[in-house]
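Below is one structure, written out as structure tokens; the observations come after it.
The values are calculated or read from the model by the stated rules, or taken from the named source; none is laboratory data. Quantities reported herein were computed from a predicted structural model and do not represent experimental measurements. Cβ placement follows ideal geometry from the backbone for every residue including glycine, while neighbour counts extend to all protein chains displayed. Ligands, DNA and RNA are excluded from the accessible area calculation, which covers all protein heavy atoms including side chains. Shrake-Rupley method; radii C 1.70, N 1.55, O 1.52, S 1.80 Å.
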Amino acid sequence: QGRKIACAGLGSHARAGRVRDAAMAETRGEAGWHAVHSVHFGEERWLDLHHALHREHEHLCFVNPFLPDEPGGLRSEAMREYQMRPTCIPGAFTFEMPDAPTRQYRIDKLEDAHAMFIEPVDPDTREPGYLSPFFLAEGASVIAALALQAEEGDDVLDACASLGGKALVLASSMFARACQQGRPMRGKLVCNEFSKERAAWLQRCVRGFLPDILFDPDTGRHPHVVFTSADVRTQSSSLERHGPYDRILLDAPSTDDRRLLRGDRTGQVGQPPTLDTWSHGKVKVSAERQVKWLYNMLWLLKEGGMVLYCSTALAQAECDGVIEAVMRKATGDFQLELLPLDEHILRAVPALASESTDWGTRLMPDKCGLGPLYFSRLRLVKRTHVAAELT
């Protein structure tokens, strides 16, 4: 059962965390990063986690469910050539690269650590209506998208869609079954990305994976997949026009500690950030931004709707701290309910190694080989602000 939250007396754990953070407020750079996380996780755990963070993300193939599963078809041939094997994560497969370069798909130019998209070796030869048979996904991202439990008929917002990995998992959950069965599709997925460059790549990647009928206004119906480029920092935006929503996924930009440690330039323009740029102050600013964005999402939800917040950060301030701050800020405007993960989502985590926190769930690379990724699910039980009382 989910638990309804009373905001009085919130979070002795979080108060202790603030005292600890205050003591380390002057720390910065790689030494400060190590000091903060060694205290938070404990020295022994931090040694194991630090070692795991050095490893590259292990990507899985998320297979396109909109392609027919027929012998000799594009989907079955890709699964055969890449020697795909099912995992505990629905829709995701391990794979081996084909030996022959001519049988390998090319990785699209603007990569992302959490999702990479493919093209045929010679894109100019692909036929009209061609769909990518799979994309490469980091397993934690797939699990987070599945945890939103988007269903056929839902109105769903992916508020910070980036290049679209989670959006494709959501679209598969919402539309694939009806498409396979030849039934009219219901529901709407709004993919929002404020960065103009990333928004252009988002459209290209998503359109390369999903069938045209999901976008086609010539069907006489509204499109089922919509692209927007709204600024989620403001409460009033073009996202309101498509809302309110049954489900919202907020994967807001946060501290990516794994990328900082590795100096990973994947998806970056210019020099990649490193641990030399890390500071307690930047973490605090990032957390405050996420609190504002998540609170803004509540105004876009239907009563009974769910928002899922996720973060790649290690710092408690950008994980449980964000949820606790939003719960406090929502007092007087919304009644919220914290939702635990369902059993079938927990079973999707390798070795059943998810970690419960005060306000959410973490997937950590030293325990399950995925992440780091934190996520928390909140249900909007009831609006209690003045405008709601007047309606």
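State which residue is farthest from ARG233 (Cα to Cα) when the search covers only the stretch 159-186 and only residues that are open to solvent by less than 20 Å² (accessible area, probe 1.4 Å), more than 17 Å from the chain's Cα centre (by Cα) and small (Gly, Ala, Ser). My answer is ALA178.
Give the residues of the stretch 80-106 that are touching a residue at least 60 places away in the same chain (Cβ under 8 Å) and open to solvent by less than 40 Å² (accessible area, probe 1.4 Å), sorted by residue number. Answer for the stretch 80-106, where residues must be touching a residue at least 60 places away in the same chain (Cβ under 8 Å) and open to solvent by less than 40 Å² (accessible area, probe 1.4 Å): ILE89, GLY91. Considering the stretch 127-151, and only residues there that are open to solvent by 10 Å² or more (accessible area, probe 1.4 Å) and acidic (Asp, Glu), the residue that is modelled with the lowest pLDDT turns out to be GLU127. Looking at ASP124, ASP154, just one residue is surrounded by fewer than 24 Cβ atoms within 10 Å (Cβ to Cβ) and either under 25 Å from GLU70 (Cα atoms) or modelled with pLDDT under 90 (or both), and that residue is ASP124. Restricting ARG262, ARG258, ARG289 to residues that are open to solvent by 20 Å² or more (accessible area, probe 1.4 Å), of a type in the set (D, E, K, R) and within 18 Å of the chain's Cα centre (by Cα) narrows the list to ARG289. Residues in the stretch 127-184 that are closer than 30 Å to GLU96 by Cα and charged (D, E, K, R): GLU127, GLU138, LYS166, ARG177.
Every condition in (1) crowded, with 19+ Cβ neighbours inside 10 Å; (2) in contact with a Gly (Cβ under 9 Å, 6 or more places away or on another chain); (3) without any contact (Cβ under 8 Å) to a residue 60 or more places away in the chain holds for VAL283 except the one numbered (2).
Flag: GLY371 matches the condition of being at positive phi, of a type in the set (Gly, Ala, Ser), surrounded by 20 or more Cβ atoms within 10 Å (Cβ to Cβ) and in contact with a helix residue (DSSP H, G or I) (Cβ under 9 Å, 6 or more places away or on another chain). Here HIS50, HIS59, HIS34 are screened, and the one residue that is modelled with pLDDT of 85 or more, closer than 28 Å to ASP342 by Cβ and out of contact with any Cys (no Cβ under 9 Å at 6 or more places or on another chain) is HIS59. Does at least one position in the stretch 337-358 carry a residue that is modelled with pLDDT of 95 or more, buried (at least 20 other Cβ atoms within 10 Å of the Cβ) and not polar (S, T, N, Q)? Scanning the stretch 337-358 turns up no residue that is modelled with pLDDT of 95 or more, buried (at least 20 other Cβ atoms within 10 Å of the Cβ) and not polar (S, T, N, Q).
For the stretch 42-55, what are the residues that are touching a residue at least 40 places away in the same chain (Cβ under 8 Å) and out of contact with any His (no Cβ under 8 Å at 6 or more places or on another chain)? Across the stretch 42-55, the qualifying residues are ARG45, ASP48, HIS51, ALA52, LEU53, HIS54, ARG55. Within the stretch 378-391, restricting attention to residues that are open to solvent by 10 Å² or more (accessible area, probe 1.4 Å) and either in a strand (DSSP E or B) or modelled with pLDDT of 95 or more (or both), the residue that is nearest to ASP257 (Cα to Cα) is ARG379. When the stretch 334-377 is filtered for residues that are touching a residue at least 24 places away in the same chain (Cβ under 8 Å), in contact with a strand residue (DSSP E or B) (Cβ under 7 Å, 6 or more places away or on another chain) and either part of a helix (DSSP H, G or I) or of a type in the set (D, E, K, R) (or both), the ones remaining, listed by number, are GLU337, ARG362, ARG377. Any residue that is within 21 Å of the chain's Cα centre (by Cα), among the charged types (D, E, K, R) and open to solvent by less than 40 Å² (accessible area, probe 1.4 Å) - is there at least one of those in the stretch 301-311? Looking for residues that are within 21 Å of the chain's Cα centre (by Cα), among the charged types (D, E, K, R) and open to solvent by less than 40 Å² (accessible area, probe 1.4 Å), one finds none in the stretch 301-311, hence no.
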